[in-house]
1. Only residues that are in a loop (DSSP other than H, G, I, E, B), in contact (Cβ under 8 Å) with a residue 24 or more places away in the chain and either of a type outside the set (Asp, Glu) or closer than 25 Å to residue 127 by Cβ (or both): list them for region 180-217, please.
2. May I ask you to list the residues in region 139-161 that are of a type in the set (A, V, I, L, M) and surrounded by 24 or more Cβ atoms within 10 Å (Cβ to Cβ)?
3. How many of the residues making up region 138-177 are touching a Pro at 6+ places or on another chain (Cβ under 9 Å) and either free of Cβ contacts under 8 Å to residues at least 24 places away in the same chain or in a loop (DSSP other than H, G, I, E, B) (or both)?
4. Can you name the residue in region 1-40 that is of a type in the set (Phe, Trp, Tyr) and not in a loop (DSSP other than H, G, I, E, B) and, of all such residues, is surrounded by the fewest Cβ atoms within 10 Å (Cβ to Cβ)?
5. Within region 84-92, is even one residue at pLDDT below 75, among the basic types (Lys, Arg), in a helix (DSSP H, G or I) and at negative phi?
6. Can you confirm whether residue 223 is more than 30 Å from residue 116 (Cα to Cα), charged (D, E, K, R) and in contact (Cβ under 8 Å) with a residue 60 or more places away in the chain?
7. Restricting the search to region 290-320, which residues are in a loop (DSSP other than H, G, I, E, B) and either more than 22 Å from residue 13 (Cα to Cα) or of a type in the set (Lys, Arg) (or both)?
8. Scan region 332-370 for residues that are basic (Lys, Arg) and either exposed (fewer than 10 other Cβ atoms within 10 Å of the Cβ) or outside any loop (DSSP other than H, G, I, E, B) (or both) and report the count.
Amino acid sequence: RDGEIIAAAQEERFTRKKHDRRYPEAAIAYCIDQIGGAEALDAVVFYEDPVLSLDRILKNAIELAPATGKTWAAAARSQLGQSLNVAERLRQILPPRAGDNVFFVDHHLSHAASAFYPSPFREAAIVVADGIGEWASTTIAAGNDRTVTPLRQIHYPHSLGLLYSAVTYHCGLKVNSGEYKLMGLAPYGEPRYADLILDRLIDLREDGSYRLDTAFFGYLDSEAATNAAFEELFGCKRRDPESPITIEYMDIAASAQAVVEEAMFRLARRALRDAESRNLCLAGGVALNCVANGRLLQRLSNLDHIWIQPASGDAGGAVGAALELAHSQFGAARHAGVEYGRDGMRGSLLGPAFVGADIEAALKAKGLVYHRVESRATHDEAVA
């Protein structure tokens, strides 16, 4: 509302199903309730352009046909059945004013907006890095008051996020879920494969631009993230998820982490120069790598301040899409805290809250034994 974030929630928090990809009915209902009902909505926005995403899927299908026809046909059906149906599903539950104003914002612009607009900066360099948007996988942008301007992009199939996910997969972890485990595994190993990765898998340049050698990856022509060439390169098969994690996988994890840290350093350095800023904002799935983020603070000599969107993944993209629309289409002002060096995320406490009476009623309904804590002092003692 007027450039301020009122509510944000992920469907998985209501359904308790991690990475729940179903239509977010409960999350939508919560957000609408927080603004006093659907009649208060001026517009609705989705965090990517489904037509452009379908364009990428179909072009890949044509380029790789007929060998991968089934894989890409399934992806196209999924895109048609989910994303392209977003506007129509929203119109069914929204009043005419909002239902007639359904917008789509580019995926990486949504991420960039989520990084900059809630930040405490009037101007900043922005780096977005993830697996893939519609086409972009990495974006350097500049933020200035109520405007986010993309400056440079790297497009699919070249992607830092997909490189990291491929190593996640090879180490027997789940793609789009186990990347944080790979980051946690890295300190147990040594980066003895880092030079191999830089020599064979990714051509990383001084300015942060890069290209992957797609011959080693499976995501172009199969449902697997890697292939036999990838396994041969590292001299080991993909780890069975149920088997012990041995030293070679620890070393591979450490090596992938080191390469991503170096890539993010070079990208951030270039972004600060291009945007002529000493403030940096980050978003996208790769920005969830807190170890890499910490290295930026240690290494960047042209950096004064950094702000990272707490929900750097696609959930935060929804917030960014709403903010981009508010500023670019409705002329909303930046959040009030920016005048005092405070961010606009309200501590990320944007989801459902429960007062004591609600909690007590739920406990009684279940017949559970509980103890009410009356003061902060006794609360701290009880928790300890």
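The values are calculated or read from the model by the stated rules, or taken from the named source; none is laboratory data. Just so it is clear, the model here is predicted, and its values are computed rather than measured. In this analysis, Cβ positions are derived from the backbone assuming ideal geometry, glycine residues included, and neighbour counts consider all displayed protein chains.
1. Let us first name the residues in region 180-217 that are in a loop (DSSP other than H, G, I, E, B), namely 189-193, 205-209, 213.
If we keep only those that are in contact (Cβ under 8 Å) with a residue 24 or more places away in the chain as well, we get 189-193, 205-209.
Across region 180-217, the qualifying residues are 189, 191, 192, 193, 205, 206, 207, 208, 209.
2. Selection gives 140, 141, 148, 160.
3. The first filter runs over region 138-177 and keeps only residues touching a Pro at 6+ places or on another chain (Cβ under 9 Å), leaving 139-142, 172-174.
Narrowing further to those that are either free of Cβ contacts under 8 Å to residues at least 24 places away in the same chain or in a loop (DSSP other than H, G, I, E, B) (or both): 172-174.
Final tally of qualifying residues: 3.
4. Pass one, region 1-40, residues of a type in the set (Phe, Trp, Tyr): 14, 23, 30.
Those still in the list that are not in a loop (DSSP other than H, G, I, E, B) too: 14, 30.
On the way: 14: 17, 30: 19.
Ranking the qualifying residues of region 1-40, first place goes to 14.
5. no
6. Numbers: more than 30 Å from residue 116 (Cα to Cα): yes; charged (D, E, K, R): yes; in contact (Cβ under 8 Å) with a residue 60 or more places away in the chain: yes.
Considered against the rule, which asks whether it is more than 30 Å from residue 116 (Cα to Cα), charged (D, E, K, R) and in contact (Cβ under 8 Å) with a residue 60 or more places away in the chain, residue 223 comes out as yes.
7. Taking region 290-320 and keeping what is in a loop (DSSP other than H, G, I, E, B), we get 300-304, 309-313.
Selection gives 300, 301, 302, 303, 304.
8. Taking region 332-370 first, the residues basic (Lys, Arg) are 334, 342, 346, 364, 366.
Remaining after also requiring either exposed (fewer than 10 other Cβ atoms within 10 Å of the Cβ) or outside any loop (DSSP other than H, G, I, E, B) (or both): 346, 364, 366.
Total satisfying the criteria: 3.
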